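Everything below concerns the one structure shown next.
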Amino acid sequence: MKYGYFDDKAREYVITRPDTPMPWINYIGCEGYFGILSATAGGYSYYKDARLRRLTRGRYNNVPLDFGGRYIYVRDNADGSFFSPSWMPVRGKLDDYSCRHGMGYSVISGKKNGIAASTRYFVPMGENLEIWDFTVTNERAESADLSIFSIAEFCLWDAQDDATNFQRNFSTGQVEVEDEVIYHKTEYRERRNHFAWFACSEKLTGFDTQREAFLGPWRGWEDPKAVAEGKSGDSIAHGWQPVASNHIKLSLKPGETRRIVFVLGYHENPRDQKFDPPNSQTINKKLVKPTIAKFRDPKNVDAAFAALKENWDTLLGKIQVQTPDVHTDRMVNVWNAYQCMATFNMSRSASTFESGIGRGLGFRDSNQDLLGFVHMVPERARQRILDLAATQFASGGAYHQYQPMTKKGNNDIGGGFNDDPHWLIIGVAQYLKETGDFSILDEKVPFDTTPGTEVPLYEHLRRSIQYALDNIGPHGLPLIGQADWNDCLNLNCFSDEPGQSFQCLKGATDGKTAESVFIGGLMVLSCKELAGVAKAAGKPGDVETYLELAQKMDETVRKHGWDGEWFLRAYDNFGKKIGSHENEEGKIYIEPQGFCVIAGIGVEDGTARKALDSVNKHLATKHGIVLQQPAYTRYYIELGEISSYPPGYKENAGIFCHNNPWVIIAETILGNGDQAHDYYTRICPSAREEISDLHKNEPYVFSQMIAGKDAPTHGEAKNSWLTGTAAWTFFAATAYILGIRAEYDGLRVQPVIPKAWDGFTATRVFRGVTFDISVKRAGKGNRVALTVDGKAIDGTIVPLPKDGAKTVKVEAVLS
Ligand code: BGC
Ligand code: NOJ
């Protein structure tokens with residue numbers, strides 16, 4: 001069952017009924033000001049940090065789940081009836097409803113009794129504000145006398161505090177109202193450098209800034225007193241819960257349309273700007289008045305929307321494909337790329353499933369996310385790399401996460417996730433292949449963000465490998481530390497103390513025994529990548545060093561990391577195998593199968609094929625590939641959080657989508673395009689649209705997890721949007737199935753597509769040059785013959801044009 005449809009041309013998903021199985025959200029904002037926006041106008045906004053600069057309130061684990069947002073009420077003053085065009089929060093029956101989620105905007109429309117209203121929400125480029133561009137049409141044969149009420153609920157203080165520290169917060173709220181603009185200045189008193197404001201393009205009939213005055217005592221959002229009575233209280237908030245509500249009365253002739261622009265803005269003085277006027281308790285409104293005036297004019301709103309569209313056209317224009325498969329096309333061309341940008345902007349902070357008050361940016365996560373966005377925003381990716389590298393320690397280890405506001409590492413989690421340092425190499429190598437900007441390797445980057453410790457970025461990469469060499473276990477495999485990619489495989493964290501849960505207990509073991517075969521595979525790849533960096537950067541001595549290390553670890557993995565039919569997962573603190581046929585549960589894990597093959601281990605001697613066949617036999621389901629089998633039926637203290645989940649969920653045999661593309665890539669490396677694309681389709685949200693009632697999450701973005709075959713809810717997705725799945729599936733589809741991938745010497749075109757495809761076409765902008773690619777099948781194999789601008793070339797890498805040409809025509813024939 002579906003709840004809408006893809007409008008591919010408009011790059012929109014159109015939701016046609018509001019009662020989706022989960023909140024189906026979109027994001028607005030792509031620079032500093034961000035918001036979550038659900039199809040029923042739910043969600044909140046923040047500036048840069050979803051915890052420290054939260055602008056509007058988020059409610060957690062609420063009933064219904066999606067509650068609180070950017071609400072507008074339309075009241076018929078003739079009979080006092082009212083509705084929300086976004087369905088929520090009034091939730092009455094609408095005669096018509098739709099939500100069009102697009103690139104950085106959503107249009108939510110609802111109609112009742114001949115009154116049609118629609119709001120386009122978006123954040124203009126270069127501004128710290130959001131627009132609610134509202135239009136209402138009287139489709140009746142007679143005039144309509146309407147009242148429009150808007151409301152935003154402020155929360156401009158620490159969002160965690162907002163949910164806990166009422167003894168303070170209920171006494172701090174303060175507002176000012178001037179020229180019909182509502183200013184929320186609660187934090188201004190103390191910090192004196194930022195505030196929020198809410199303005200409207202129309203003359204106001206009334207306003208409210210105190211939530212209880214708007215709602216009335218003991219009333220809910222579905223029936224606010226102000227709306228029911230058709231009259232605002234003109235309230236001025238003192239403590240309690242400051243809000244911004246506008247009331248506008250309109251008289252509409254038959255057929256008449258009116259437009260009202262509401263704007264919610266944030267202002268922050270630049271750091272070096274002295275507070276002005278000194279020690280004032282009054283907001284310096286002249287700082288924002290020009291912006292308010294600008295967006296009160298709908299012409300400027302239209303121009304801002306056009307600029308936003310253009311921004312997305314440029315970003316998505318970097319790669320566009322036309323294949324025989326509609327799902328591949330719409331994911332690659334629109335939604336998967338869009339999701340990759342969401343992971344760039346949000347990392348893992350704010351979604352339906354992430355509260356915005358938890359983690360900062362992950363070292364591992366952001367480095368991997370780079371694979372999905374570096375081609376769209378290379379300059380911003382460059383800065384991200386430098387920020388990440390600056391949280392590395394001199395040992396080569398790294399903070400697991402850092403805070404976006406301060407850019408400093410999170411002390412509470414610290415380091416010791418022994419896969420982390422390798423991802424920096426993978427990320428930097430991808431950046432270099434995409435951009436050819438080797439100057440980044442000479443950038444001076446500190447350790448632990450400590451001034452005076454700066455060394456070139458290249459030295460950070462070398463330390464990543466040094467860290468691995470300093471942390472080798474008894475079998476010669478890398479020690480796992482707190483965990484590797486699988487955060488929940490905690491082999492060093494347990495304690496015999498009764499009552500201890502999975503929370504990783506640092507120092508619980510000496511950490512010198514538990515080893516990870518997965519990191520072994522990852523290290524083979526990172527050493528090869530670092531050798532590639534060294535070669536391209538002209539450091540020949542290092543090429544040999546890192547290739548030798550890769551070779552040595554490859555041998556170790558084959559010797560101590562092979563179980564006979566598949567790669568082992570790990571050795572635990574007692575030297576016992578994990579992910580082996582010898583185990584009763586958790587006999588086979590997905591991570592080392594996909595990743596070791598990507599690293600090239602066993603590709604020549606057939607072990608790689610065996611490993612992937614075992615994946616197919618033991619782990620593949622029609623909804624995707626599960627993480628391990630058999631699932632853990634009970635809690636194992638020596639394995640940690642992984643066994644804390646019931647069978648079929650998350651890391652305990654859930655379909656952890658993030659590592660499905662590793663197997664997809666691995667299948668293409670072994671030349672199996674049919675299997676690769678089949679696996680891709682199983683987790684592809686667009687291909688799952690028809691089963692939206694089972695899948696539950698948005699059909700336009702990947703989810704982190706789909707319940708595995710051991711769960712009663714097999715096929716149900718959770719944790720949409722903010723997941724490494726976005727980058728990895730984008731990378732798997734574009735760079736491996738379609739085979740268009742950035743290399744140091746040019747653009748590789750080496751597709752491994754399904755046999756049934758007769759070809760595809762693509763445009764890829766690479767280092768400023770547009771490559772027009774057409775691929776045709778002359779036989780069922782993967783052998784590629786390339787013609788570039790009419791001339792046949794050897795190999796599969798198309799070099800950049802020497803004559804400075806801006807377009808290259810590439811024809812590939814597969815046989
Ligand atoms: C989740 C993991 C996640 C980790 C982050 C765990 O509870 O299962 O998927 O990586 O939290 O800290
Ligand atoms: C989600 C985390 O963000 C990611 O870093 C981790 O690799 C996976 N969960 C698996 O545990």
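Under 1.5 on a/c is rounded, so check that first for the range 555-625, then, if it is not, pick prolate when a/b is larger than b/c and oblate when it is not; a ≥ b ≥ c are the square roots of the alpha carbon gyration tensor eigenvalues.
Oblate is the answer for the range 555-625, as a/c is 1.5 or above yet b/c matches or exceeds a/b.
Figure the gain on full extension for Gln322 and Lys253 (residue separation times 0.36 nm, minus the Cα-Cα span) and round it to one decimal in nm.
That works out to 20.1 nm of additional length.
Give me the lysines in straight-line cross-link reach of Lys791: C-alpha distance below 22 Å, same-chain residues under 8 apart excluded.
Straight-distance partners of Lys791: Lys776, Lys802, Lys806, Lys809.
Considering amide H positions built from the backbone, and no H for Pro or chain starts, which residues 5 or more places from Ile740, or on another chain, come under 5 Å of its amide H?
Excluding prolines and chain starts, which carry no amide H, the hits are Ala735, Gln750.
Rg and Dmax in Å for the chain, alpha carbons only: what are they?
Radius of gyration, then largest Cα-Cα span, for the chain: 27.7, 84 Å.
Bin width 10 Å, alpha-carbon pairs only: give the P(r) of the range 466-538 as whole percents, running from 0 to the bin holding the largest distance.
Using 10 Å bins, I get a P(r) of 19, 41, 24, 12, 4, 1 for the range 466-538.
With r defined as the distance between the Cβ atoms of Lys512 and Trp240 and R0 fixed at 45 Å, what FRET efficiency is calculated, to the nearest 0.05?
0.20
Please state, to two decimals, what the Cα-based radius of gyration of the range 7-128 comes to when divided by 2.2 N^0.38 Å (N = residues).
1.08
Taking the Cα centre of the range 446-491 as origin, work out the dipole magnitude from +1 charges on Lys and Arg Cβ and -1 charges on Asp and Glu Cβ, in debye rounded to 20.
Computed charge dipole of the range 446-491: roughly 120 debye.
Let me know the volume per residue of the alpha-carbon convex hull for the range 645-775, in Å³.
That works out to 124 Å³ per residue.
On average over all directions, what projected area in square nanometres does the range 151-228 have, based on the convex hull of its Cα atoms?
6.3
Which lysines have a Cα less than 17 Å from the Cα of Lys610, not counting those fewer than 8 places away in the same chain?
Lys559, Lys587
Under 5 Å between amide hydrogens, which residues at least 5 positions from Phe702 or on another chain qualify, with H placed 1.01 Å from N in the peptide plane?
Long-range HN contacts for Phe702: Trp721.
Cut-off is 10 Å between beta-carbons; in what order do Tyr645, Tyr467, Tyr27 appear when sorted fewest neighbours first?
By the 10 Å Cβ count, ascending, the order reads Tyr645, Tyr467, Tyr27.
Quick one: of the DSSP bridges fully inside the chain, what percent are antiparallel, nearest 5?
Among the beta bridges of the chain, antiparallel pairing accounts for roughly 95 percent.
Give a residue-ordered list of calculated ³J(HN,Hα) values for the range 307-312 (Karplus: 6.51 cos²θ - 1.76 cosθ + 1.60, θ = phi - 60°; whole Hz; x for Gly, Pro).
Along the range 307-312, the couplings run 5, 5, 4, 5, 4, 6 Hz.
Which of the cysteines found in the chain have nothing to pair with, since no other Cys Cβ lies under 4.7 Å from theirs?
Lacking a cysteine Cβ partner under 4.7 Å: Cys30, Cys99, Cys155, Cys200, Cys340, Cys488, Cys527, Cys596, Cys657, Cys684.
Can you work out the Karplus-derived ³J(HN,Hα) for every residue in the range 393-399? Use 6.51 cos²θ - 1.76 cosθ + 1.60 with θ = phi - 60°, whole Hz, and x for glycine or proline.
Each residue of the range 393-399 in turn: 8, 4, 5, x, x, 8, 4 Hz.
Roughly how many debye, to the nearest 20, is the charge dipole of the chain about its Cα centre, given +1 on each Lys and Arg Cβ, -1 on each Asp and Glu Cβ, and no other charges?
Computed about the Cα centre, the dipole is about 1220 debye.
Quick one: putting +1 on the C-beta of Lys and Arg, -1 on the C-beta of Asp and Glu, what dipole do you get for the range 352-503 around its Cα centre, in Debye to the nearest 20?
That gives a dipole near 320 debye.
State, to one decimal in nm, how far the label point of Lys9 lies from the label point of Glu584, with both points 7 Å from Cα in the Cβ direction.
In this crude label model, Lys9 to Glu584 measures out at 6.2 nm.
Take Lys776, project a point 7 Å from its Cα along the Cβ direction, then tell me which residues of the range 800-815 have their backbone nitrogen under 19 Å from it.
808-815
Using mean Cβ contacts within 10 Å as the protection proxy, how do 583-591, 631-639, 296-304 order, highest first?
Order by mean packing, descending: 583-591, 631-639, 296-304.
Which trypsin sites (Lys or Arg not before Pro) in the range 86-195 pass both tests, a DSSP loop state and at most 10 other beta-carbon atoms within 10 Å?
Here the trypsin sites (Lys or Arg not before Pro) that fit, given the DSSP loop and packing criteria, are Lys93.
In whole Hz and in residue order, list the ³J(HN,Hα) couplings for the range 368-373 that follow from phi through the Karplus curve 6.51 cos²θ - 1.76 cosθ + 1.60, θ = phi - 60°; x for Gly and Pro.
Taking θ as phi minus 60°, the curve returns 6, 4, 3, 4, x, 10 Hz for the range 368-373.
What does the extension gain come out to for Glu743 and Ala785, with contour length at 0.36 nm per residue minus their alpha carbon separation?
Extra length available between Glu743 and Ala785 comes to 13.3 nm.
Once the Cβ-Cβ distance between Leu800 and Met405 is put in as r, and R0 is 35 Å, what FRET efficiency do you end up with, to the nearest 0.05?
0.35
Along Cα→Cβ, 7 Å out, is where each label goes; now give me the distance between the ones at Ala792 and Asp693 in nm to one decimal.
Using points 7 Å along Cα→Cβ, the separation is 5.7 nm.
Go ahead and estimate [θ] at 222 nm for the chain from helices alone: -39,500 (n - 2.57) per DSSP H run with n ≥ 4, summed, over the residue count, rounded to 500.
After summing the helix terms and dividing by residue count, I get -7500 deg cm²/dmol.
Working from Cα positions, state the angle (0 to 90°, nearest 10) between the long axis of helix 336-346 and the longest principal axis of the chain.
Taking the Cα atoms of the chain, the angle to 336-346 is about 70 degrees.
Mind running the shape call on the range 195-328? Use the C-alpha gyration tensor, a ≥ b ≥ c as the square roots of the eigenvalues: rounded below 1.5 for a/c, prolate if a/b tops b/c, oblate otherwise.
oblate
Quote the FRET efficiency, to the nearest 0.05, computed for Ala307 versus Asp19 with a Förster distance R0 of 25 Å and r equal to the Cβ-Cβ distance.
0.15
Principal axis extents for the range 395-517, Cα atoms only, whole Å, descending order, please.
Principal extents (Cα only, largest first): 53, 36, 26 Å.
Could you give the radius of gyration (one decimal) and Dmax (whole number) of the Cα atoms in the range 297-404, in Å?
16.9, 56
How far is the Cα center of the range 198-270 from the Cα center of the range 412-461, in Å?
49
Going by amide H atoms built from the backbone, whose H comes under 5 Å of the H on Glu12, apart from near neighbours?
Residues meeting the criterion, in which the H sits 1.01 Å from N, are Asp7.
To the nearest 10 degrees, how steep is helix 607-618 against the longest Cα principal axis of the chain, on a 0 to 90 scale?
50
Which trypsin sites (Lys or Arg not before Pro) in the range 1-87 sit in a loop by DSSP (not H, G, I, E or B) and have at most 11 other Cβ atoms within 10 Å of their own Cβ?
Lys9
I need the shape label for the range 621-708. Rule: rounded when a/c is under 1.5, else prolate if a/b > b/c, else oblate, with a, b, c from the alpha carbon gyration tensor.
Cα axes put the range 621-708 in the oblate bin.
I'd like to know which of Gly436, Ala468, Gly481 lies farthest towards the positive end of the charge dipole of the range 411-545, counting +1 on Cβ of Lys and Arg and -1 on Cβ of Asp and Glu.
Value computed over the given set: Gly436.
Which of the listed residues, Ser150, Met125, Trp87, is farthest toward the dipole's positive end in the range 70-152, when Lys, Arg count +1 and Asp, Glu count -1 at the beta-carbon?
Value: Trp87.
Which aspartates and glutamates, on any chain, are close to Lys650 with Cα under 13 Å apart, when same-chain ones fewer than 8 places away are left out?
The qualifying aspartates and glutamates are Asp487, Glu641, Asp710, Glu716.
Please compute the modelled spin-label separation between Asp470 and Glu454, points set 7 Å along Cα→Cβ, answer in nm with one decimal.
Between Glu454 and Asp470, the label points sit 2.3 nm apart.
Jot down the radius of gyration and Dmax of the range 8-74, Cα atoms only, both in angstrom.
In order Rg, Dmax, the Cα atoms of the range 8-74 give 13.0, 38 Å.
Please report the net charge: other residues with Cβ closer than 11 Å to the Cβ of Gly715, K and R +1, D and E -1.
Here the count lands on +3.
Would you give the gap between the C-alpha center of the range 758-784 and the C-alpha center of the range 369-407, rounded to a whole Å?
After rounding, the separation between the Cα centres reads 32 Å.
How much length, in nm to one decimal, is gained on full extension between Thr761 and Leu287, taken as 0.36 nm per residue of separation minus their Cα-Cα distance?
165.6 nm
Can you check what the net charge comes to around Ile260, using other residues whose Cβ is under 9 Å from the Cβ of Ile260 (Lys, Arg +1; Asp, Glu -1)?
0
List the residues of the range 145-185 whose backbone N lies under 17 Å from a point placed 7 Å from the Cα of Glu268 along the Cα-to-Cβ direction.
Under cut-off, by backbone N: 155-160, 184-185.
Net charge within 13 Å of Thr770 by Cβ-Cβ distance, Lys/Arg positive one each and Asp/Glu negative one each, not counting Thr770 itself?
Charge balance near Thr770 sits at +3.
Short version: what are the Cα gyration tensor semi-axes of the range 705-800, square root of 5 times each eigenvalue, largest first, in whole Å?
Result for the range 705-800: semi-axes of 33, 17, 10 Å.
Bear in mind these aren't lab numbers, they're just calculated from the coordinates by the rules spelled out. Just so it is clear, the structure is predicted and the values come from calculations on it, not from any experiment. For neighbour counting, all protein chains shown are included, and Cβ atoms are generated from backbone atoms with ideal geometry for every residue, glycine included.
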